[in-house]
């Protein structure tokens, strides 16, 4: 369907639909054999009483990003870019002078066809790593290495797990834009990504990435369902990556925690300063910390990254029962090598699945069962707003002093 026909069809949809019915625009559908190459949706036509937003679908060209689909949502204040081709990850978010994202050495939005997850000892995932938010899972995430599984004849066998799993390099099978026609006029990009194998996992991810017109907030709501007959393990970690302007010398990580554990001996050397950041340094070796977050009376927690001046920040709020662990990744290397920190809530820490299973941190789904999680992201501009989120973190922490472990967790 060409763009003119698609635009005409959308106009007809807008006119015919009832006032209370959400606006829907399919972009990609395996079931319907559909892929819209380019499309623009205007708030003026869909929600005339809230006209200041837009959604744009484009296809990237050139180099390793040839054929990659992106969906750009602008709510009139905040803009974010979803990449259906890369597992419905979010490339970046912008609001005023704040950008959620980082300057990766990987400059193109790499199509999964160019990624060999097995390369460099299972580190091939890094060859496409440049998103602000990239999911790690679904069958597994964490460090590469061996693990056991049951093969097609029912015997125990070994497999080589690659870094952070497959989901970020699986194109979405279904993608649509859904907009509520009544206040608060939530704008949604919905998508389904399937991680399926014969004699293997049959996991289905439905995600909804949404915002409201004029808001400083973004919401990611995910549901994973086991579509297989046997019980199935799964892991999920949200790798949310930040560089300048939030990350700088003197920036601070905020989180109410009961326990902080260094990931390895190298990280243990700096565990007492795990929450503060230095300027870029050539040759810096990543430091990773495993955190047990505290929750408020409603079971929610909030974590944040604020700049040195305390007038810019981003926060993430979620239920601890859904995402019981937080990983803090500090990679304050030179700008050219990737000056970045990762705030990463998840169902587990990023050890190899073999280790996480031993430590009781690999959840399972019964046949047909689902797991869901929602994360609310807010960009804070101004000292008053940043102080507000700092106060929320402090209120959850209360008088509880976190235990700062000086040695890594025993893993073997």
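Considering only residues of segment 324-339 that are buried (at least 22 other Cβ atoms within 10 Å of the Cβ) and under 15 Å from the mean Cα position of the chain (by Cα), which is farthest from residue 362 (Cα to Cα)?
Looking at residues that are buried (at least 22 other Cβ atoms within 10 Å of the Cβ) and under 15 Å from the mean Cα position of the chain (by Cα), I get 328.
Is it fair to say residue 140 is farther than 30 Å from residue 44 by Cα and surrounded by fewer than 21 Cβ atoms within 10 Å (Cβ to Cβ)?
Answer is no for this residue.
For segment 60-73, how many residues meet the condition of being touching a helix residue (DSSP H, G or I) at 6+ places or on another chain (Cβ under 9 Å) and in a strand (DSSP E or B)?
The qualifying residues number 3.
May I ask you to say which residue of 314, 386 is surrounded by 21 or more Cβ atoms within 10 Å (Cβ to Cβ) and either touching a helix residue (DSSP H, G or I) at 6+ places or on another chain (Cβ under 7 Å) or in a strand (DSSP E or B) (or both)?
314
Okay, residues lined up against (1) under 29 Å from residue 193 (Cβ atoms); (2) crowded, with 20+ Cβ neighbours inside 10 Å; (3) free of Cβ contacts under 8 Å to residues at least 12 places away in the same chain:
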residue	(1), (2), (3)
235	yes, yes, no
246	yes, yes, no
252	no, no, no
257	no, yes, no
261	no, yes, no
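When residues of segment 346-379 are filtered for being surrounded by 19 or more Cβ atoms within 10 Å (Cβ to Cβ), under 15 Å from the mean Cα position of the chain (by Cα) and outside any loop (DSSP other than H, G, I, E, B), how many remain?
Summing the residues that are surrounded by 19 or more Cβ atoms within 10 Å (Cβ to Cβ), under 15 Å from the mean Cα position of the chain (by Cα) and outside any loop (DSSP other than H, G, I, E, B) in segment 346-379 gives 5.
As an exercise: evaluate residue 108 against (1) in contact with a helix residue (DSSP H, G or I) (Cβ under 7 Å, 6 or more places away or on another chain); (2) part of a strand (DSSP E or B) and give the number of the one condition it does not meet.
(2)
Residue-by-condition table, conditions (1) farther than 15 Å from residue 89 by Cα; (2) part of a strand (DSSP E or B); (3) at pLDDT below 95; (4) in contact with a helix residue (DSSP H, G or I) (Cβ under 8 Å, 6 or more places away or on another chain):
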residue: 134; (1), (2), (3), (4): no, yes, no, yes
residue: 141; (1), (2), (3), (4): yes, no, no, yes
residue: 147; (1), (2), (3), (4): yes, yes, no, yes
residue: 157; (1), (2), (3), (4): yes, yes, yes, no
residue: 177; (1), (2), (3), (4): yes, yes, no, no
residue: 182; (1), (2), (3), (4): yes, no, no, no
residue: 188; (1), (2), (3), (4): no, yes, no, no
residue: 193; (1), (2), (3), (4): no, yes, no, yes
residue: 203; (1), (2), (3), (4): yes, yes, no, no
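Does residue 393 meet the test of being surrounded by 16 or more Cβ atoms within 10 Å (Cβ to Cβ), touching a strand residue (DSSP E or B) at 6+ places or on another chain (Cβ under 9 Å) and either modelled with pLDDT under 95 or closer than 20 Å to residue 250 by Cβ (or both)?
It is true that residue 393 is surrounded by 16 or more Cβ atoms within 10 Å (Cβ to Cβ), touching a strand residue (DSSP E or B) at 6+ places or on another chain (Cβ under 9 Å) and either modelled with pLDDT under 95 or closer than 20 Å to residue 250 by Cβ (or both).
For (1) in contact with a helix residue (DSSP H, G or I) (Cβ under 9 Å, 6 or more places away or on another chain); (2) touching a residue at least 12 places away in the same chain (Cβ under 8 Å), each residue gets a yes or a no:
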| residue | (1), (2) |
| --- | --- |
| 37 | yes, yes |
| 51 | yes, no |
| 55 | yes, yes |
| 94 | no, yes |
| 98 | no, yes |
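How many residues are part of a strand (DSSP E or B), in contact (Cβ under 8 Å) with a residue 40 or more places away in the chain and over 10 Å from residue 332 (Cβ atoms) if we restrict to segment 275-292?
Selection size over segment 275-292: 3.
Hey, residue 150 hits all of (1) free of Cβ contacts under 8 Å to residues at least 12 places away in the same chain; (2) at positive phi but one; which does it fall short on?
Condition (2) is where residue 150 drops out.
When the residues of segment 189-203 are narrowed to those that are free of Cβ contacts under 8 Å to residues at least 60 places away in the same chain and within 16 Å of the chain's Cα centre (by Cα), which ends up nearest to residue 159 (Cα to Cα)?
192
Condition (residue is in a loop (DSSP other than H, G, I, E, B) and touching a helix residue (DSSP H, G or I) at 6+ places or on another chain (Cβ under 9 Å)) applied to segment 259-274: is it met by at least one residue?
yes
Please pick out the residue among 32, 49, 57 that is under 30 Å from residue 114 (Cβ atoms) and assigned to a loop (DSSP other than H, G, I, E, B).
Testing whether each residue is under 30 Å from residue 114 (Cβ atoms) and assigned to a loop (DSSP other than H, G, I, E, B) leaves just 32.
Just to be sure I understand, how many residues within segment 320-344 are over 18 Å from residue 222 (Cα atoms), in a strand (DSSP E or B) and out of contact with any helix residue (DSSP H, G or I) (no Cβ under 9 Å at 6 or more places or on another chain)?
8
The values are calculated or read from the model by the stated rules, or taken from the named source; none is laboratory data. Computed from a predicted structure; not experimentally measured. Here Cβ is always computed from backbone atoms with ideal geometry, including for glycine, and neighbour counts include all displayed protein chains.
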